[in-house]
Amino acid sequence: MPFENVRGLKIRYEVIGDQGPWMALTTGGRRPFDEFLPIAKKIAAHDFRVLLHDRRNTGASDLLLEANETEEHTWADDLYELLDKLNALPAFISGSSSGARTSMLFAVKYPAVTRGLLLIRPTGGDFAAKRLPDLYYDQFIRAAKADGMAGVCATDAYKGRIALNPEHETTLMAMEPQHFIDVMEGLRALFVAGGGLPVMGVSDKELATIKAPTIIIPGNDNTHASINGKIVHERIKGSQLHQLPIQDQDVPIIEWAQWAAHEPEIVDVFVKFMKQTVEDETK
């Protein structure tokens with residue numbers, strides 16, 4: 001699996017496909033990119049090149065814990081640098097959940113190289129604003145306070161990352177627990193500050209600047225309720241909304257694996273959208 005040096009960090013990535021327009025596809029949560037391999041291969045089969053990558057502090061990519069800005073802002077800048085190094089710009093930018101937030105911020109920051117925006121399961125609402133800080137930050141703060149960095153390494157999330165890249169354990173164990181706690185609390189504060197927005201992590205002012213062709217596929221759980229996708233559609237003028245034949249469910253989250261049955265439809269919708277966008281560029 002290749003790595004690329006991106007702003008001083010080794011970022012694990014894979015390119016699916018060897019010809020056609022570029023698309024960057026980013027997973028949700030803080031998960032590695034592997035769960036998107038099946039859909040990436042389906043899209044690439046239609047003559048697209050699909051970039052998957054583990055964002056910094058996720059998967060096998062390097063760890064560098066800082067609290068200067070939200071993780072999604074940092075990831076958007078990293079993605080730009082990675083695409084630039086691969087000579088893959090301009091590109092279609094896509095992602096699910098936190099990957100959708102990252103994609104929207106990419107379009108805000110780098111409009112000239114955002115060929116189109118394809119969003120899956122945007123996040124928002126009170127439930128997500130209350131649930132996600134614990135999932136992303138609080139559980140690790142508790143672990144560090146109780147058992148130091150060994151406790152952090154023993155959490156399921158970091159055990160998974162260490163399994164992908166054993167260097168993570170060395171990096172974490174070299175950190176002072178209080179420094180780790182301070183960084184997590186800083187990131188939490190930044191995250192919570194954007195948690196109450198109609199579209200989590202992206203302001204209405206930022207959304208109003210997005211001019212790239214955009215399509216949104218809403219989710220159907222309490223973290224990614226369908227209303228969140230509809231709000232994004234309302235905020236990004238000229239965007240398209242595609243509703244899958246699903247109903248909202250009163251559950252905290254529906255894992256991506258449970259959406260496998262919808263991948264053929266998502267691929268069909270996205271491929272048609274991208275091909276139409278490419279065609280429109282030549283008119």
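Mind putting a number on the dipole of the range 130-192 about its Cα centre? Charges go on the C-beta only, +1 for Lys and Arg and -1 for Asp and Glu, and I need it in Debye to the nearest 20.
I would put it at about 260 debye.
Can you work out the FRET efficiency for the pair Asp147 and Lys10, with r the C-beta to C-beta distance and R0 = 22 Å, to the nearest 0.05?
According to the calculation, E is roughly 0.20.
Which of Thr155, Val6, Pro213 sits farthest toward the positive end of the charge dipole of the chain, with +1 on the Cβ of Lys and Arg and -1 on the Cβ of Asp and Glu?
Result: Pro213, furthest along the dipole toward the positive end.
For the chain, set up a GNM with springs between Cα atoms under 10 Å and report which of Gln258, Gln247, Gln178 has the largest fluctuation.
Gln258
Straight-line reach from Lys10: which aspartates and glutamates fall under 19 Å, measuring Cα to Cα and dropping same-chain residues less than 8 apart?
Of all the aspartates and glutamates, those that pass the test against Lys10 - Cα under 19 Å, at least 8 places apart if same chain - are Asp34, Asp54, Asp62, Glu66, Glu71, Glu72, Asp77, Asp78, Glu81, Asp84, Glu167, Glu169.
Could you tell me the relative contact order of the range 53-119? Use alpha-carbon pairs under 8 Å, at least six residues apart, and round to a whole percent.
Dividing the mean separation by the residue count of the range 53-119 yields 29 percent.
Tell me, what is the percent relative contact order of the chain, built from C-alpha pairs under 8 Å that lie six or more residues apart?
Rounded, it is 18 percent for the chain.
Once you compute Rg and the Kirkwood Rh from C-alpha atoms, what is the Rg to Rh ratio for the chain?
Working: Rg = 18.2 Å, Rh = 19.1 Å.
For the chain, the value is 0.95.
What does the net charge come to around Met23 if you take all other residues with beta carbon closer than 10 Å to its beta carbon, with K and R at +1 and D and E at -1? Mind dumping the intermediate values first?
Numbers: positive: Arg49, Arg115; negative: none.
Taking every other residue near Met23 into account, the sum is +2.
Compute the distribution of all C-alpha to C-alpha distances in the range 1-120, in bins of 5 Å from 0, and list the percent of pairs in each, rounded to whole numbers.
Spelled out bin by bin, the range 1-120 gives 2, 13, 24, 27, 22, 9, 2, 1 percent.
Based solely on its DSSP helices, what 222 nm [θ] is calculated for the chain when runs of n ≥ 4 H residues each add -39,500 (n - 2.57) and the sum is averaged over all residues, nearest 500 deg cm²/dmol?
Calculated from helices alone, the mean residue ellipticity at 222 nm is -14000 deg cm²/dmol.
So which of Lys85/Lys283; Lys109/Lys237; Lys109/Lys211 end up more than 23 Å apart by C-alpha?
Result: Lys85/Lys283 exceed 23 Å.
Could you work out the relative contact order of the range 130-192? I mean the mean sequence separation of Cα pairs under 8 Å and 6+ apart, divided by the number of residues, in percent.
Here the relative contact order equals 46 percent.
Considering only Leu63, Asn228, Ser97, whose Cα is most displaced toward the positive end of the charge dipole of the chain, charges sitting on Cβ of Lys, Arg (+1) and Asp, Glu (-1)?
Asn228
Counting Lys and Arg as +1 and Asp and Glu as -1, what is the net charge of the other residues whose Cβ lies under 11 Å from the Cβ of Gly95?
Working: positive: Arg55, Arg101, Arg121; negative: Glu72.
For residues surrounding Gly95, the net value is +2.
DSSP beta bridges in the chain, what fraction antiparallel, as a percent rounded to 5?
Looking only at bridges with both residues in the chain, the antiparallel portion is about 30 percent.
Arrange Ile43, Ile246 by Cβ neighbour counts within 10 Å, fewest through most, would you?
So the ranking, lowest neighbour count to highest, is Ile246, Ile43.
By how many nm would the segment from Leu197 to Asp248 lengthen if fully extended, with 0.36 nm per residue of separation less the alpha-carbon distance?
My answer for the length gained is 16.3 nm.
Find the centroid of the Cα atoms in the range 211-260 and in the range 40-73, then give the distance between the two in whole Å.
So the separation of the two Cα centres works out to 20 Å.
Net charge near Gly151: determine it from the other residues with C-beta under 14 Å of the C-beta of Gly151, scoring Lys and Arg +1 and Asp and Glu -1.
Spelling it out: positives minus negatives among the neighbours equals -2.
Which aspartates and glutamates, if any, have their Cα less than 13 Å from the Cα of Lys145, not counting same-chain residues under 8 positions apart?
Glu176, Asp182, Glu185
Where in the range 235-259 is the amide nitrogen less than 16 Å from a point lying 7 Å along the Cα-to-Cβ axis of Asp268?
242-246
Taking the chain as a Gaussian network, Cα atoms linked when under 10 Å apart, which of Pro245, Pro177, Pro213 shows the biggest mean-square fluctuation?
Of Pro245, Pro177, Pro213, the Gaussian network model singles out Pro245 as fluctuating most.
Provide, in order from the shortest bin, the percent of all Cα-Cα pairs of the range 130-192 in each 10 Å bin, continuing until the bin that contains the maximum pair distance.
The calculated distribution, bin by bin, is 24, 54, 22, 0.
Nearest 20 debye, what's the magnitude of the dipole of the chain about its Cα centre given +1 on Lys and Arg Cβ and -1 on Asp and Glu Cβ?
The calculation lands at about 500 debye.
Throughout, read-outs are computed from the coordinates displayed, never taken from laboratory work. A quick note: this is a predicted structure, and the numbers were derived from the prediction, not measured. Here the Cβ is made from the backbone with ideal geometry for all residues, glycine too, and neighbour counts use every protein chain on show.
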